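To keep things clear, I will list the structure first and then write my remarks on it.
Any read-out appearing in this document is the output of simple, stated calculations on the displayed coordinates, not a laboratory observation. The structure presented is a predicted model; accordingly, all values stated were derived computationally and were not measured. Note that each Cβ is placed from the backbone with ideal geometry, even for glycine, and that neighbours are counted across all protein chains shown.
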């Protein structure tokens, strides 16, 4: 993926995730909608930066043929990402929610399980749709090349 597409991928992932996180934070904590939204946006910004860095490194290590990735590789990819997120987000969550380490850690494990499943489903779907769009574009380009008059 090129930089623009990586940014699009990350923003789309986080925009969908924000809906889930804000709703869950409002329903399952004493944080008001304003605090939950602020926390969700902060976590989202951290996640977008980490997402870009992590996926760039992952693609360099394991190649860019994303459609051929096995479920085992996708599971490892998701786990690695989420472990990095735990280290980055625990302090922020403790501060905003005014909760102790263990309470936030247990909450974060629930968030990790949700995001692990969400990330696998989102990335797999994104990769399949992307592959179909690019193969359709390649076929369209071939048809256009054959029908274009040659200049000799």
Can you check how the C-alpha radius of gyration of the range 29-92 compares to 2.2 N^0.38 Å, as a plain ratio? 1.37
Give the distance, in whole Å, between the Cα centre of the range 3-43 and the Cα centre of the range 77-137. 11 Å
Checking 123, 55, 65 against a Gaussian network model of the chain (alpha-carbon springs below 10 Å), the top fluctuating residue turns out to be 65
Of all the C-alpha pairs in the range 3-146, what % are more than 22 Å from each other? 44 percent
Would you mind getting me the FRET efficiency between residue 6 and residue 117? Use the beta-carbon distance for r and R0 = 35 Å, nearest 0.05. 0.95
Given a Förster distance of 41 angstrom, what is the FRET efficiency for residue 95 paired with residue 65, based on the Cβ-Cβ distance and rounded to 0.05? 0.50
What do you get for the angle between helix 33-62 and the principal long axis of the chain? Use alpha-carbon atoms, 0 to 90 degrees, nearest ten. 50 degrees
Starting from the Cα of residue 20, step 7 Å along the direction of its Cβ; do the same at residue 124; then give the gap between the two resulting points in nm. 1.3 nm
If each DSSP helix of 4+ residues adds -39,500 (n - 2.57) and the sum is divided by the residues in the chain, what number results at 222 nm, nearest 500 deg cm²/dmol? -31000 deg cm²/dmol
